[in-house]
Amino acid sequence: MQEFFMDYGLWLLIALLVVIGLVFLLSGKGKSAVAEAPAPVAPPVAAEPIAEPVVAPLVATPDPVPVAEPVIAEPVVVEETPAPAPVVEPAPAPIPASPAVAAPADGADDLLKLKGVGPKLGALLTELGVTRYAQIAGWSDSDIAAIDAKLGNFKGRPVRDQWIDQAKYLAAGDIAGFEAKYGKI
């Protein structure tokens, strides 16, 4: 007997795995036929009462199931209400002019050098009137709150990414100090 298993053991193991695989595949086919049946679609609701019976579609099952009486849906009357006028939000106004926020007229800095500011956030800051490192370096807590309220999905980034500290280094031209603390530009 031991010689039989030594000679044919590998083939018996392969045959057993094939049988298990076939049983698994065949048992899944009956369930997939039921799962692929389309779901019943509710009729559209109209303003006039409709008194048509709604009958659920029959699904083939392996066991006989008693057929239920059709269910008659009660008519639904929907009252139409006028749609409210769309609310148009005004474009965000630049931040109130305080000495720390007012944009200097001599050009804009590359705000993308600040860690945590990407192209979208840089464009949003420019729309809000923030274009210089000196502006950001001079922000007070109230300025941060005002800017933060207008940042939308980027809310909390000025404090979390330490923009004021980064901007102080960049406004002063201390690139070595900036890179020592925040990494390469």
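What follows draws every value from the coordinates through simple rules; no lab data is involved. All values reported here derive from a predicted model rather than from experimental measurement. Methodologically, a virtual Cβ is constructed for each residue, glycine included, from the backbone with ideal geometry; neighbour enumeration extends over all protein chains shown.
Side notes on the structure shown:
- Packing here is the average count of other Cβ atoms within 10 Å per residue, and on that basis the peptides 168-174, 5-11, highest first, run 168-174, 5-11.
- Around residue 117: net Lys/Arg minus Asp/Glu count, Cβ-Cβ under 10 Å: +2
- Full-stretch length increase - residue 171, residue 4 - with 0.36 nm per residue and alpha-carbon distance subtracted: 51.6 nm
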